[in-house]
1. In µm²/s, what is D for the chain at 4 °C and 1.567 mPa s, where D = kT/(6 pi eta Rh) by Stokes-Einstein and Rh is the Kirkwood radius from Cα pairs?
2. Select from Thr160, Thr306, Thr291 the residue whose mean-square fluctuation is largest in a Gaussian network model of the chain (Cα-Cα springs shorter than 10 Å).
3. Divide by every residue of the chain the summed helix terms, -39500 (n - 2.57) for each DSSP H run of at least 4, and state the resulting mean residue ellipticity at 222 nm, rounded to the nearest 500 deg cm²/dmol.
4. Given N residues in segment 76-168, what is Rg(Cα) / (2.2 N^0.38 Å)?
5. Cut-off under 16 Å on the C-alpha distance; same-chain residues fewer than 8 positions from Lys228 excluded. Which aspartates and glutamates are left, in chain and number order?
6. Please pull out the direction-averaged projected area of segment 275-353, using the convex hull of its alpha-carbon atoms, in nm² to one decimal place.
7. Whole number please: convex hull volume per residue, Cα atoms of segment 209-270, in Å³.
8. Which value, in Å³ per residue, describes the convex hull spanned by the Cα atoms of segment 1-78?
Amino acid sequence: MARQVLDVIKVAIVGITGYAGVEAARLVLNHPEFKLTFAGSQTFKGQKLCDVYTHLRGITDIVCEEPDVEKIAQAADAAIVALPHGASMKMTCDLAEKGLKVVDLSADYRYDNIDIYEKVYGIKHEYPEWNKKAVYGIPELYREKIKEAPVVANPGCYPTCSILGFAPLLCEKRIDPKSIIIDAASGVSGAGRKSELSYSFCECTENFLAYKPASHRHTSEIAEQFSKLYGEPIKLTFTPHLVPMKRGMLVTGYASLTKEASAEELLELYKEYYKGEYFVRILNKGVYPETKSVAGSNFIDIGNATDKETGRVIVLSAIDNIGKGASGQGIQNLNLMFGIDEKAGLSVSGLYL
């Protein structure tokens, strides 16, 4: 794909005052080729973004404005839409029709099968023609399609961490598709910036809990992508957990192997599958992912272990749920859409402490 000739790529962020939106802003503001030109926020319109989020003091004086399609189209070449599911649908469509390249952080364009989306989210999809044009935004799997896409449906943290963790095993048919179980644990920021009792400090701190077992809406999204990778319909068991930390995600997945394999053999499979993928780090035998190694970054760390007694593989993967699980991957996708180095603005290590 030939790179578009632009002196600077002007980026609008709609829903900029949510956690994913402001993380996208931080990354755009530090990007060598992007410029933040529109800050869309209904709640904080008229206020400086740096007054809402004080870590941006001295970095930007941009003022939050009510999202307006015409104004955004005049101000930007691209948009990151960080609105809730359902609310993103029309905004993404309207901006794409104005010729902007759009990365949608919601689930509104992630499903090939709209019937499943409508059933899971309880929302009628009003733009099936744009759903067909949208590309699922995991660069390591769909890079070439993302480069040409007008809209990228950026997956969330649970699907990203699970799909990248299992992709090599699925593509090579090394596991029984009926045996997949995934336990996933996420930091509280995954719930978004909202005031609900269950996410308040006293409810979350020093507590660890599962929620929506066998009924979480991301199960269907993961299953659809697993099915595409495997080439046959797949159903799985998925249970998310809430961890008393701000950001980070760890997935622990289990599946029965179709034939005996050592951890070393499977690690070589992973290293070959992800060869050349900068943001995917395959850990050596006996080394397992930790959230502190990826927090604040766009990396995913993946390791595995095998259980000879049961014939199962244990897949472990860790990401920053706001980074590779949302806004970091969104920037990676936007880089690809404009034909620039997909590492631009993202080549930073995890925070560790």
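Computed from the coordinates by the stated procedures, all read-outs in this text should not be read as laboratory data. Remember, it's a predicted structure, so these values are computed and weren't measured experimentally. Glycine also receives a Cβ, built like all others from the backbone with ideal geometry; neighbour counts cover every protein chain displayed.
1. Approximately 63 µm²/s, per Stokes-Einstein.
2. For the chain, modelled as a Gaussian network with Cα springs under 10 Å, the answer is Thr306.
3. -9000 deg cm²/dmol
4. Against the compact-globule rule of thumb, the ratio is 1.03.
5. Those aspartates and glutamates meeting the cut-off are Asp112, Glu140, Glu172, Asp176.
6. Numbers: hull surface 24.9 nm².
Its average projected convex-hull area is 6.2 nm².
7. Here the figure is 137 Å³ per residue.
8. Each residue corresponds to 98 Å³ of Cα convex hull volume.
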